[in-house]
Amino acid sequence: MYFTILHQMQFSTIVGQDEIKQRLINTVKDNRVSHAQLFLGPEGSGSLALAVAYAQYLSCEDKLSDDSCGICSSCRKYQKLVHPDLHFSYPFFAKKSDETSLNYIEEWREAFLANPYLSLDIWRGYLQAENKQANINIAECHQIIKKLSLKPFESAYKIIILWLPEYLDKEGNALLKIIEEPQPNTLFLLVAQNQDQILNTILSRTQLIKIPCVKDDVIKEYLMAEHHQTEHAASEIAFLSNGNLTEALAMLGENDSSYHDMFVNWLRMCYSNKGATIMDFTETLAKLGRENQKNFMRYGISYIRECCMILAGAGSLVHLPATELDTAQKMTKVMNLPMAEAIGNILEKAHYHVERNANPKILFLDVSLQIVSVLNFKIIPKGNQYIPG
């Protein structure tokens, strides 16, 4: 299990985001609850968890000043996601055209309660959907309208949380009337990652709540306190995750490698153009396993990004630990900004191909040779195709 507290979805269980929590609480205290709100935040920011905690707070029968009580009848039902006035809609992988999210509600409850920092990839795994295309279909839109045509059963509000409205195609326009003129005490909470992919007709009818990435130091403290990580391990995972708590949680339990030492040694081999040593190192990388290979690439991308900031004169924005910062400053002596950007692009393409099961020996040897070319001959490579394993 990824999450420490599986059956409480109060504000206090959500990592960081204190300003957003207070803003949401104030809308209730000040009686300024908008009927259609868009929680917009990147993956791993906690936007879905915040929407559920907000809904629980709105429905709580004995609200505290800063959270729901967690023990009233309403909160107990929220803890199992079975409150009759709480509804969910989400992308799914329909086998038949008349399927709706209700066909997958048990899987949804299991997935969310196991990890409120749910991603589409994790959700895909629960549905064993492989590479099928996710969407929110017209049958689901009609189901939403049907659900929301009824009055609340128990609470002051009937609430629907619509996760990833980006997956509403033009069928989403069927929801416009009920979003614009809902039944009394009906709330739409949309939870999205990409504003540009949401239908403009829906976007214009919602109040926007922007949720930032989780800060590195917050992720670090959380991993140390709740997952018993060492300070070094927590710092490295926080750095690698780049503000994405979903990624940070997924990295727990991976091999305790020092990606920094490995990555810097790799760059040094490439700079020295030591062919035999590079060959041996690519063999080592090939044996790491796909998740560790992805984490290694992710570390390299983040590290090179920090080097780019140093080279661009924005060293004050760099947040590397002292020893890693010292190494990065030395690295910038042997490459300029275009070279660093080229290496970053090479690593991003490599990460993409690792995810898609490229042959690791061929992939890492090819990447090594491209970095050799950049560092020694200032050759900026074109896109390459890698051979599947």
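Descriptive notes on the structure:
- Net charge contributed by nearby residues that have their C-beta within less than 12 Å of Ser119 (K/R +1, D/E -1): -2
- Highest to lowest packing among 239-248, 337-346, scored as the average C-beta count within 10 Å: 239-248, 337-346
- Here r is the Cβ-Cβ distance between Glu107 and Arg305 and R0 is 45 Å; the resulting FRET efficiency, rounded to 0.05, is 0.80.
- Asp169 long-range amide H proximity, modeled H, under 5 Å: Ile136
- Relative contact order for segment 11-212: 33 percent, from Cα pairs under 8 Å spaced at least 6 residues apart, divided by residue count.
- Between segment 170-187 and segment 206-234, the C-alpha centres lie 35 angstrom from each other.
- For segment 13-111, the set of trypsin sites (Lys or Arg not before Pro) satisfying both a DSSP loop assignment and a count of at most 11 other C-beta atoms within 10 Å is given as Arg32, Lys80, Lys95, Lys96.
- Helix 337-355 axis versus longest C-alpha principal axis of the chain: approximately 60°, rounded to the nearest ten.
- Paramagnetic label zone (point 7 Å from Cα along Cα-to-C-beta, Asp217; backbone N under 15 Å) in segment 303-327: 317-322
- Potential extension, Leu150-Asn376 segment - 0.36 nm per residue separation minus Cα distance: 74.5 nm
- The relative contact order of segment 254-377, computed from alpha carbon pairs under 8 Å that lie at least 6 residues apart in sequence, is 37 percent.
- Packing here is the average count of other Cβ atoms within 10 Å per residue, and on that basis the peptides 271-277, 168-174, highest first, run 168-174, 271-277.
- Each part reduced to its alpha carbon centroid, segment 70-141 and segment 11-38 end up 23 Å apart.
- The charge dipole of the chain, taken about its Cα centre with unit charges on the Cβ atoms of Lys, Arg (+1), Asp and Glu (-1) only, comes to about 700 debye.
- If the chain linking Asn31 and Leu317 were pulled fully straight, counting 0.36 nm for each residue of separation and taking away their Cα-Cα distance, it would gain 99.0 nm.
- Gain on full extension, evaluated as 0.36 nm per residue between Asn265 and Ser65 minus their Cα-Cα distance, stands at 66.7 nm.
- Here the calculated FRET efficiency for Tyr157 and Lys330, from their Cβ-Cβ distance with R0 = 56 Å, stands at 0.45, rounded to the nearest 0.05.
- Share, in percent, of DSSP beta bridges within the chain that are antiparallel, nearest 5: 10
- The string of couplings for segment 283-288 from the Karplus curve (6.51, -1.76, 1.60, θ = phi - 60°) is 5, 4, 4, 5, 8, 5 Hz, one whole number per residue in order, with x for Gly and Pro.
- Residue-averaged 222 nm ellipticity for the chain, from DSSP H runs of 4+ at -39500 (n - 2.57), nearest 500: -15500 deg cm²/dmol
- A simple count of charges around Ala139, restricted to other residues whose Cβ falls under 10 Å of its Cβ and scoring Lys, Arg +1 and Asp, Glu -1, yields -3.
- Inter-probe distance in nm under a simple model that places probes 7 Å from Cα toward Cβ, at Ser204 and Met224: 5.0
- C-alpha long axis of helix 105-114 to longest principal axis of the chain, angle in °: 50
- Summing Cβ point charges (Lys, Arg +1; Asp, Glu -1) relative to the Cα centre of segment 254-377 gives a dipole of roughly 260 debye.
- Within segment 91-117, backbone nitrogen closer than 13 Å to the virtual label 7 Å beyond the Cα of Val82 toward Cβ: 106, 109-110
- Value of relative contact order over the chain, rounded to a whole percent, pairs C-alpha under 8 Å and six or more apart: 17
- Ranked for footprinting exposure by Cβ neighbours inside 10 Å, fewest first, Cys69, Cys307, Cys213 give Cys69, Cys213, Cys307.
No value in this document is a laboratory result; all are computed from the given coordinates. Note that the coordinates shown come from a computational prediction; the quantities given were computed from them, not determined experimentally. FYI the Cβ positions are ideal-geometry reconstructions off the backbone, even for glycines, and counts take in every protein chain you see.
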